[in-house]
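For reference, the structure discussed in these notes is given below.
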Amino acid sequence: MYYICCMNSEFVQNWFSQVKKGTLSYIILIILDEKEYYGYELVQEIKIHTTLEVAEGTLYPLLNRLKAEGIVDSKWVEQESGIPRKYYTLSKSGKATLTEMQKIWSALETAINKLQK
Amino acid sequence: MKRIIFTNPAAQKIYDDYIKRVTRCIRLLSADDQRDTLMEINSHIYEATNAAPPENEIEILLGTLEKLGAPEEVLQPLVAYKKAQQATRTFNPVHILQAMRLNIANGAAYVILAFFYLLSVSFCILIILKIVYPSHTGLFMQNDKFVAFGFTTELRGGLTELLGQLFIPVVILLMGALYFLNTLLFRLLKKE
């Protein structure tokens with residue numbers, strides 16, 4: 001038998017983009033569960049803890065959406081520089097949402113691990 | 001919003017140009033949303049470039065702006081989303097039309113919505129036509145068969161207009177129903 005072992009890199013890249021897109025909000029909620037962060041700091045935190053190359057500009061529309069959904073809260077905090085920071089925290093509903101997402105993630109992980117064996 | 005001051009004039013110009021582009025991209029939003037978005041972008045640039053030595057200012061600023069991305073691209077989803085929120089909050093047709101234009105790339109449903117809004121506008125034109133050309137505008141039947149609802153230049157023999165003076169109230173009712181249904185549909189789409 002002869003197999004052509006050539007990976008379809010375009011397919012993998014598209015799939016990875018979808019995974020990234022789908023998991024970014026989950027990652028943000030996990031990070032915000034520890035403490036409050038301002039936008040730039042949150043980007044750095046994502047970079048430290050994950051290997052995901054996040055387009056920084058896309059983070060703000062996502063944070064806005066999470067805020068509109070009532071998952072995160074935000075507040076402007078004045079700084080000595082005169083340029084305030086907008087801090088994000090997980091709301092009560094956000095904490096409950098995160099718990100639910102963690103359950104789903106765990107179940108998915110278990111299922112995939114079983115399939116991969 | 002407090003402007004960031006750079007030591008290097010070239011860096012200052014790059015920053016000012018970027019902020020101008022951001023301002024242009026978000027001009028359709030409410031004043032509060034514009035201020036909030038601008039302050040957030042400004043804060044990000046400040047935090048990323050703060051304490052950069054003057055000789056590296058341009059390099060660091062360019063890197064930061066590149067990572068943030070072109071405002072026209074990265075702010076599009078935010079503007080579309082916030083505009084949709086404003087439209088559903090206010091029921092203002094101008095905001096609804098702007099929100100549809102911005103969200104049209106988000107799915108065929110918005111194309112359908114846009115079509116229905118156009119239909120509402122054409123109903124409005126029909127009212128004017130009924131006033132100007134009363135005999136040429138209406139619900140036309142011929143031999144008990146439906147021929148047209150609207151305006152016709154040709155009045156063939158046997159063609160009868162059924163609604164008469166009731167045409168305008170019927171069109172107003174249809175417009176109202178269409179507008180209400182579309183706005184409700186728009187709210188449902190926004191929730192998805």
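Might you let me know whether segment A:95-117 holds any residue that is modelled with pLDDT under 95, among the basic types (Lys, Arg), part of a loop (DSSP other than H, G, I, E, B) and within 29 Å of A:Gln13 (Cβ to Cβ)? Yes: segment A:95-117 contains one or more residues that are modelled with pLDDT under 95, among the basic types (Lys, Arg), part of a loop (DSSP other than H, G, I, E, B) and within 29 Å of A:Gln13 (Cβ to Cβ).
For segment B:40-63, which positions are within 8 Å of another protein chain (Cβ to nearest Cβ) and part of a helix (DSSP H, G or I)?
Once the filter is applied, which keeps residues that are within 8 Å of another protein chain (Cβ to nearest Cβ) and part of a helix (DSSP H, G or I), segment B:40-63 yields B:Glu40, B:Ile41, B:Asn42, B:Ser43, B:His44, B:Tyr46, B:Glu47, B:Ala48.
Name the one entry in A:Leu115, A:Leu108, A:Leu62 that is surrounded by fewer than 19 Cβ atoms within 10 Å (Cβ to Cβ), at negative phi and under 13 Å from the mean Cα position of the chain (by Cα). Spell out how you get there, then give the answer.
On the way: A:Leu115 fails: under 13 Å from the mean Cα position of the chain (by Cα); A:Leu108 fails: under 13 Å from the mean Cα position of the chain (by Cα).
After applying the criteria, what remains is A:Leu62.
Just for segment A:45-58: of the residues that are facing chain B (nearest Cβ under 9 Å) and part of a helix (DSSP H, G or I), which one is nearest to A:Thr23 (Cα to Cα)? It comes out as A:Thr58. Might you check whether a residue that is among the hydroxyl-bearing types (Ser, Thr, Tyr), out of contact with any Ser or Thr (no Cβ under 9 Å at 6 or more places or on another chain) and modelled with pLDDT under 90 occurs anywhere in segment A:57-70? Looking for residues that are among the hydroxyl-bearing types (Ser, Thr, Tyr), out of contact with any Ser or Thr (no Cβ under 9 Å at 6 or more places or on another chain) and modelled with pLDDT under 90, one finds at least one in segment A:57-70, hence yes. The set of residues in segment A:77-94 that are hydrophobic (A, V, I, L, M, F, W, C) and either assigned to a strand (DSSP E or B) or more than 14 Å from chain B (Cβ to nearest Cβ) (or both) comprises A:Val77, A:Leu90. Scanning segment A:73-90 for residues that are in contact with a Lys or Arg (Cβ under 9 Å, 6 or more places away or on another chain) and not aromatic (Phe, Trp, Tyr) yields A:Asp73, A:Ser74, A:Lys75, A:Val77, A:Glu78, A:Gln79, A:Ser81, A:Gly82, A:Ile83, A:Pro84, A:Lys86, A:Thr89.
Looking across segment A:11-34 at every residue that is without any contact (Cβ under 8 Å) to a residue 40 or more places away in the chain and charged (D, E, K, R), the one that is surrounded by the most Cβ atoms within 10 Å (Cβ to Cβ) is identified as A:Lys20.
In segment B:140-192, what residues are at positive phi and touching a helix residue (DSSP H, G or I) at 6+ places or on another chain (Cβ under 7 Å)? Scanning segment B:140-192 gives a single hit, B:Gly150.
Looking at segment B:71-101 only, could you name the residues that are free of Cβ contacts under 8 Å to residues at least 24 places away in the same chain and more than 8 Å from chain A (Cβ to nearest Cβ)? Quick ask: steps written out before the conclusion?
Just the residues of segment B:71-101 that are free of Cβ contacts under 8 Å to residues at least 24 places away in the same chain, to begin with: B:73-74, B:77, B:81, B:89-90, B:92, B:94-95, B:97, B:101.
Once the filter is applied, which keeps residues that are free of Cβ contacts under 8 Å to residues at least 24 places away in the same chain and more than 8 Å from chain A (Cβ to nearest Cβ), segment B:71-101 yields B:Arg89, B:Thr90, B:Asn92, B:Val94, B:His95, B:Leu97, B:Arg101.
Of the residues making up segment B:1-53, those that are more than 23 Å from the chain's Cα centre (by Cα) and of a type in the set (S, T, N, Q) are B:Thr7, B:Asn8, B:Gln12, B:Asn42, B:Ser43, B:Thr49, B:Asn50.
The values are calculated or read from the model by the stated rules, or taken from the named source; none is laboratory data. Note that this is a predicted model, so its numbers are computed, not measured. Quick reminder, even Gly has a Cβ in these numbers, built from the backbone with ideal geometry, and neighbours come from all protein chains shown.
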